[in-house]
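The structure appears right after this line, and notes come after that.
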Amino acid sequence: MAQKNTLTTSMTSKTTPVTSTISQLKPNVRHQTLLARVVRKWYRPEFLIPNQHATIEILLLDIEKNIIQATVRKLLVDRFDPRVVEGVAYKITGFKVAENNGSEVATPQPFRLYFEIGTLVLQSPNSPIPRYGFSFQEFGDIIANDSLDKHFIDVVGQFVGVGELKKTTGGHPIKTVKLENIELNEGNDPVSSCITQITNEHTDILSTDNILSIKEIKYCQRAGDYVTLASIDDLESSIGWYYDSCKLCRTKVELHQDNLWHCKKKQCDGFTKGLKTKVPRLILTA
Ligand SMILES: [Zn+2]
């Protein structure tokens, strides 16, 4: 009997752990390993105690560009908070895979990962997994498609306004944020679709600590969301206060006879193929 046990142990230790992708993960199977990058990390506050963390919620992106949510329960928050950093890729072993239900279901994946006391999190430097796993949605689709409000979605837009801080009937503070599509039609009229996003104080981008002056933006080395408070001093009318830019590389574009916007940078795909839309980009001087 003892001999049999020894044999089993030695066979297990020689077996290389199989690394799964998100689509290969199975529920209720132990010792699965996932290579993934933390693309988002946030804290779900304790009910009625906003400065205490009930859980850490994490979005993990794998090489197949699938995203899965992972949850760190309250008792393990202190253990994993310093070990899981947004933007870093990890090899994660020994987690639980369970049905994707409960609070704040961010992805339509059928499963969610739960970190456990024995979960092993090892940094995986030089991972080819991209930094972001966006899946952008059109404003019209968000409004028309009820199923989209179940999960977290990505929107790109110009931030055009923020409403007053109000209270819901339940007493929760809410603010309305207005976003506008940043792409223009061929005829230069702004696309009229706007969306109103309700947020709470916790996620209000104006309450972020990442405040930079215009001068600091120029020397900023780190990509991220920053807030700048500025008043318009004057409009540059001789060269224009904004330029029409390429969606792919931000270089200036020009309208050609084929009715497409062509990028001025020869190495860019927008130079040869041309683009249907352009992005107005502001010129900031400091
Ligand atoms: Zn370009």
In this structure, is THR272 touching a strand residue (DSSP E or B) at 6+ places or on another chain (Cβ under 6 Å), modelled with pLDDT of 85 or more and within 16 Å of the ligand (Cβ to nearest atom)?
no
(1) in contact with a Leu (Cβ under 6 Å, 6 or more places away or on another chain); (2) at pLDDT 75 or above; (3) under 21 Å from PHE139 (Cβ atoms): which one isn't true of LYS178, the others all being true?
(1)
Is it true that ILE92 is of a type outside the set (S, T, N, Q), surrounded by 15 or more Cβ atoms within 10 Å (Cβ to Cβ) and part of a loop (DSSP other than H, G, I, E, B)?
no
How many residues, within the stretch 54-89, are among the acidic types (Asp, Glu) and part of a strand (DSSP E or B)?
1
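The values are calculated or read from the model by the stated rules, or taken from the named source; none is laboratory data. Everything numeric in this text was worked out from a predicted model, so none of it was measured. With ideal geometry, Cβ positions are generated from the backbone for all residues, glycine too; neighbour counts draw on all protein chains shown.
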